[in-house]
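Throughout, read-outs are computed from the coordinates displayed, never taken from laboratory work. All values derive from a computational prediction rather than experimental measurement. Reconstructed Cβ throughout: ideal geometry from the backbone, glycine too, with neighbour counts over all protein chains shown.
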């Protein structure tokens, strides 16, 4: 199936599934409770160390709390807004809030976040990675990449649709001018 043939509802559903996966990764990163000095923490060890009492919303640092709240609001508004420019605006806000709340370090963290997540999934990270909250930073970086990719795709699609409608309007006006320039006998008549 061509990407252009996927409905808006299906695209939004896919976007929500990706977002919820990132959110689960974030909560997992907040709940892991391993020793700081472990030289290597396999995923199975990180999973068994999870303390689900830890990721209570109030226990998160303010910068991450703001990013999570903003991401939820952006996703809800993205799904409900009709105009492509408003959707792009939501994704731009979702991209920039972690930069302003966590810091400029989120730009390189977003670029490195896929590698950080793969390293964690393969168990190639140490205890410091989890204790310093780097998995939460990686999840926030993935959110930023999702926002960036969605904004670019939505912009390209929206600009293309606007150009297409503009061309159709220009074509219709040219046809009406051409028809009005014809002599009265040659003008097409409408049958009632």
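Computed from Cα positions, the angle between helix 84-101 and the longest principal axis of the chain comes to roughly 20 degrees. For the range 3-181, the relative contact order comes to 31 percent (Cα pairs under 8 Å, sequence separation of at least 6). Against the chain, whose longest principal axis is taken from its Cα atoms, helix 106-121 shows a tilt of about 60°. Only Cα pairs within less than 10 Å get springs; with that Gaussian network setup on the chain, which residue of 46, 30, 169 has the largest fluctuation? Result for the chain, Cα springs under 10 Å: 169 fluctuates most.
By the compact-protein rule of thumb, 2.2 N^0.38 Å, the alpha-carbon radius of gyration of the range 70-125 corresponds to a ratio of 1.42.
Hey, how many Å between the Cα centroid of the range 128-180 and the Cα centroid of the range 10-72? Centre-to-centre (Cα) distance: 28 Å.
Give me the Debye-computed log₁₀ of I(q)/I(0) at q = 0.12, 0.16, 0.19 Å⁻¹ for the chain, equal point scatterers on Cα only, no solvent, two decimals. With one equal scatterer per Cα and no solvent, log10 I(q)/I(0) is -0.68, -1.01, -1.25. Based on the Cβ-Cβ distance from residue 96 to residue 10, what FRET efficiency comes out when R0 is 35 Å, to the nearest 0.05? Computed FRET efficiency for residue 96 and residue 10 comes out at 0.80.
Projected onto their three principal axes, the Cα atoms of the range 42-110 cover extents of 45, 27, 25 Å, largest first.
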